[in-house]
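The values are calculated or read from the model by the stated rules, or taken from the named source; none is laboratory data. This one's a predicted model, so the numbers in the text were calculated from it and none came from an experiment. Cβ placement follows ideal geometry from the backbone for every residue including glycine, while neighbour counts extend to all protein chains displayed.
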Amino acid sequence: MIEFRFRDTILDTPIFRPFVRGFAGKETDPSKALSSSAIGLWMARLGERAGFPHRLKPYCLRRDIATSLADAGVSQPQLLQILGHRKIETFQKHYQSTDMVVDVQATFLGFTSKSDIIKEIGKLCLRQDPNLPRSLTIDQKLQARNQPELQQLERQRNVLTQGLRAHFAKLKDGAATSEFAQRQNVIGQLYRERARAKKEHFQRVLREFHDTSDLNLMVSQLEGKNTLVGLRPPVNFVFEER
């Protein structure tokens, strides 16, 4: 067990803390811990923006360390001790990497294998396509909102709003009525359903993009084209004789 030594003054300070507004602008809260749901939400957003096909969770950090240790040649007894497992089957079932690091295409086509390069690149970085969608376009947002469930909630909201306007000059004047409470519930449900619809539509757009890009990549590889074009600007070195 590795013991981390910290100053006594920061032993009660949370590691992950939310932002608060202070006199100097935004700053981290000195004592309040960031909730687990907030950490999960931010990691999921980072995973989506980075182009991960699966949901990125805090537990992925533990899994990444475990697979890196296994790739580095750490023995099974050491893995069990570090992870706190009793059986190696637990690691093989829940931690063993499912990514293929074997150059299957080279084996099939009879080329020289580049498995070592593939493995190292997979460890060092995540290739990100510059055309990766960052957010929904205006047309895609309209498509996400044109769902029957959302349209029905919008009609309910409009009907309740018209009913309140018929009896009160201002909507807040009817705050004590059941119609007002029902309208607020419908608005809350409408906001949640809109967020869900946009999220599902964006995930579908990302899946379609990755499926298309993977297909184009395989076709380019089979045709013998350079698949790195457009991913990184070329660097030219010129040596001039003095």
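A few remarks follow.
- If you go through the range 13-28 and keep only what is of a type outside the set (S, T, N, Q) and within 26 Å of residue 60 (Cα to Cα), you end up with 14, 15, 16, 17, 18, 19.
- Only one of the numbered conditions (1) surrounded by fewer than 14 Cβ atoms within 10 Å (Cβ to Cβ); (2) at pLDDT 80 or above; (3) within 26 Å of residue 135 (Cα to Cα) is not met by residue 81, and that is (3).
- Any pair with Cβ under 9 angstrom, 6 or more apart, that starts in the range 58-69 at a residue that is touching a residue at least 12 places away in the same chain (Cβ under 8 Å) and ends at one that is of a type in the set (S, T, N, Q) and assigned to a helix (DSSP H, G or I): 58/36; 69/78
- Residue 164, sole failed condition from (1) surrounded by 11 or more Cβ atoms within 10 Å (Cβ to Cβ); (2) modelled with pLDDT under 70; (3) farther than 27 Å from residue 45 by Cα: (2)
- Residue match in the range 79-95 (condition: in contact with a Cys (Cβ under 9 Å, 6 or more places away or on another chain), free of Cβ contacts under 8 Å to residues at least 60 places away in the same chain and under 30 Å from residue 210 (Cα atoms)): no
The rows are residues; the columns are (1) under 30 Å from residue 204 (Cβ atoms); (2) among the charged types (D, E, K, R); (3) not in a helix (DSSP H, G or I).
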site	(1), (2), (3)
9	no, no, no
14	no, no, yes
17	no, yes, yes
20	no, no, yes
33	no, no, yes
39	yes, no, no
48	yes, yes, no
79	no, no, no
86	no, yes, yes
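- The one condition in (1) at pLDDT below 85; (2) of a type in the set (Ser, Thr, Tyr); (3) more than 31 Å from the chain's Cα centre (by Cα) that residue 212 fails to fulfil: (3)
- Subset of the range 137-161 (residues that are free of Cβ contacts under 8 Å to residues at least 24 places away in the same chain and of a type outside the set (Val, Ile, Thr)): 139, 142, 146, 148, 151, 152, 155, 158
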